Structure formats: C-alpha cells, structure tokens
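Input: a single structure, listed below in structure tokens.
The values are calculated or read from the model by the stated rules, or taken from the named source; none is laboratory data. Remember, it's a predicted structure, so these values are computed and weren't measured experimentally. Glycine gets a Cβ as well: all are built from the backbone with ideal geometry, and neighbour counts include every protein chain shown.
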Amino acid sequence: MSALRLQLEELAGVWELAAEMDKGSNSARREQLRECADTLRSLLSIGEAIPPAPSVDCPHAAPFRYCPTCVVRPCPIGLGIARPGKIGGNHG
C-alpha cells in the first residue's frame, strides 16, 4: 500500500472522528465531514478497481519514455511524428 493511500485513509478517519467528536455544535458541519470522509473512501476504492495503464518504453532506451537521440528510424513508439497543429518536426 502506498504512503499516499495510507495518508488519505488516515485523513478520512480524521474527518470521521471530527464529526463524531463535534456533537454539540453545527450538525451541517458534522454531516459535511462525514460526506467528505465517505467521498474520499469511495475514490480510494475506485482507484483500486482501475488497473494501471500499461507503460510504453522506448525498446532501445528503456526505462525511458522517450529518447532525445533515438537510433531507431522511425521511432518504434511513434515519438517525433509530425501531427497537424503541433509544433515540432519529425524525430524518427
């Protein structure tokens, strides 16, 4: 489990605890804290269900995503291909 995920889960717990401890004051604030905690937990569960995107490394320069001096022509992962409306030239 990542450090960020642990921090976000802890934050959701802090919001839930704050809502529980704030019994004598604003009920709208307590409800909002609970909703924030629920929303954060929902987002974390959605993130678990989505598989990570596959990475595409330059085959001759892995683990880099691009290589400024590609030795393969044309670039096998399509970098440097001129596209209409884009600034830049052909790399491969």
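Taking the range 4-34 as the search range and keeping residues that are not polar (S, T, N, Q) and not in a helix (DSSP H, G or I), which one is farthest from Leu44 (Cα to Cα)? By that ranking, first place goes to Gly24. Annotation note: Cβ proximity below 6 Å between a residue of the range 14-41 that is over 26 Å from Leu4 (Cα atoms) and a residue that is surrounded by 13 or more Cβ atoms within 10 Å (Cβ to Cβ) (sequence gap 6+ or interchain) occurs for Asp22/Arg30.
Considering the range 1-35, and only residues there that are among the polar types (S, T, N, Q) and within 22 Å of the chain's Cα centre (by Cα), the residue that is modelled with the highest pLDDT turns out to be Gln7.
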